[in-house]
Amino acid sequence: MLFRSDAKHFDDAICLERVSSEHWRLWVHIADVSHYVKPGTALDAEARKRGNSTHLVDRVIPMLPEALSNELCSLKSNVDRLTKCVEFLIANDGRVLNTKFYSAVIHSQRRFTYGEVLAILERKPTPEPIEQMLHQACELTQRIRRLRFKAGSLDLDFPETKIRLNERGRILRIEKTVNDVSHQLIEECMLLANEAVAARLMSLGRPAVYRVHEVPDERRLQEYRGEVLSHNVPCGNLSHPTEVQRLLHRLNDLPIGPALKIGFLKSDRKSTRLNSSHRT
């Protein structure tokens with residue numbers, strides 16, 4: 001499991017195992033909150049009112065009681081915990097060959113921070129099985145990531161900032177977190193699980209909420225292209241996805257890059273839809 005160093009609860013975990021010279025088995029686990037929060041209960045009603053946990057600079061206002069969010073539903077090390085699991089059979093090149101879904105009980109062996117994992121990935125692994133697995137998972141998820149971008153995904157990652165306060169609640173320092181390979185390792189696993197669950201719900205015709213990226217508005221794209229060119233940044237026809245990918249890759253190396261990426265997000269049309277159609 002990979003988490004921020006200041007995390008209070010841990011809701012996802014992974015495990016990777018080679019099953020043949022050509023195949024891997026990946027398990028992606030999400031804490032099973034539904035086991036404890038039943039529809040129609042007071043917990044469910046309060047969670048619906050709050051909608052989500054709210055993360056402030058120095059505290060978190062949780063959606064669920066801390067006895068659940070920080071304890072029973074937190075995938076801590078060396079204790080049994082309930083999860084929803086997506087199991088993948090993956091080829092060496094990163095292609096998903098088979099997917100299974102089920103409830104599970106896991107006994108996590110170790111919790112890592114992103115910094116700890118990055119340090120392991122930047123050196124040769126020791127004989128310790130977990131370190132071997134992390135290196136293998138990094139290699140495999142980078143192949144999965146390359147396939148995702150080849151299929152048209154856009155690189156919209158931003159460096160994140162974390163404000164650290166002193167004991168008087170005043171700003172002590174501001175830290176920047178870069179989306180390095182340790183973050184990408186867990187990110188690719190979570191994306192795989194999200195896509196697999198969405199595809200499963202669609203195939204079953206189950207109602208579900210989806211974020212939809214609609215066809216961009218041509219006028220807004222042209223306005224954004226003009227803004228990019230005004231900063232002397234080369235920019236092609238953004239109605240072509242490959243040109244968008246080239247631009248976003250170029251912006252990664254420029255000081256103005258993060259601001260222009262935000263501009264692109266503002267020009268992109270997004271909507272949330274409830275799908276309830278039945279497919280055959």
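The values are calculated or read from the model by the stated rules, or taken from the named source; none is laboratory data. Since this is a predicted model, take the numbers as computed values, not measurements. Reconstructed Cβ throughout: ideal geometry from the backbone, glycine too, with neighbour counts over all protein chains shown. Heavy atoms of the whole protein, side chains included, go into the accessibility calculation; ligands, DNA and RNA do not. Shrake-Rupley method; radii C 1.70, N 1.55, O 1.52, S 1.80 Å.
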Practice task
May I ask you to evaluate 6.51 cos²θ - 1.76 cosθ + 1.60, the Karplus curve with θ = phi - 60°, for each residue of the stretch 61-71 and list the ³J(HN,Hα) values in order in whole Hz, giving x for glycine and proline?
Solution key: 9, x, 6, 10, x, 4, 4, 8, 4, 9, 10
Problem - Extreme residue, positive dipole direction of the stretch 130-257, given options S182, I144, N252 (C-beta unit charges) - result: S182
Handout entry: Nearby lysines by direct alpha-carbon distance to K124 (threshold 16 angstrom, same-chain neighbours under 8 apart not counted)
Key = none
Handout entry: Furthest towards positive pole of dipole, L56, S21, V117, structure part the chain, Cβ charges
Key = L56
Exercise for the section: Using +1 at the Cβ of each Lys and Arg and -1 at the Cβ of each Asp and Glu in the chain, identify which of F88, I130, S267 lies farthest towards the dipole's positive end. Expected result: S267
Exercise for the section: Determine the distance separating the Cα centre of the stretch 108-128 from the Cα centre of the stretch 185-236; give it in Å without decimals. Expected result: 31 Å
Practice task
Would you list, by chain and number, the aspartates and glutamates whose Cα falls below 16 Å from the Cα of K38, excluding same-chain residues fewer than 8 positions away?
Solution key: E46
Handout entry: Cα-based reach from K150 at 23 Å (exclusive), listing lysines while leaving out same-chain residues under 8 positions away
Key = K261, K270
Handout entry: Solvent accessible area, Å² - H249, 1.4 Å probe, full protein context
Key = 120 Å²
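Calculate the dipole size of the chain relative to its Cα centre from +1 charges on Lys and Arg beta carbons and -1 charges on Asp and Glu beta carbons; express the result in debye to the nearest 20.
About 520 debye.
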Exercise for the section: Work out, in µm²/s and without decimals, the Stokes-Einstein translational diffusion coefficient of the stretch 81-133 at 37 °C, 0.692 mPa s, Rh from Kirkwood over C-alpha pairs. Expected result: 238 µm²/s
Exercise for the section: Return the tail of the calculated pair distribution for the stretch 121-280, meaning the percent of Cα-Cα pairs more than 24 Å apart. Expected result: 55 percent
Problem - Debye log10 I(q)/I(0) for the stretch 20-179, one point scatterer per Cα, at q = 0.12, 0.13 Å⁻¹ - result: -0.83, -0.97
Exercise for the section: Please quote Rg/Rh for the chain to two decimal places, taking the Kirkwood radius as Rh and restricting both calculations to Cα atoms. Expected result: 0.97
Exercise for the section: Identify the GluC sites (Glu not before Pro) of the stretch 171-277 meeting these criteria: DSSP loop state and at most 14 other C-beta atoms within 10 Å of the C-beta. Expected result: E214
Exercise for the section: Tally the DSSP beta bridges in the chain and give the antiparallel ones as a percent, rounded to 5. Expected result: 95 percent
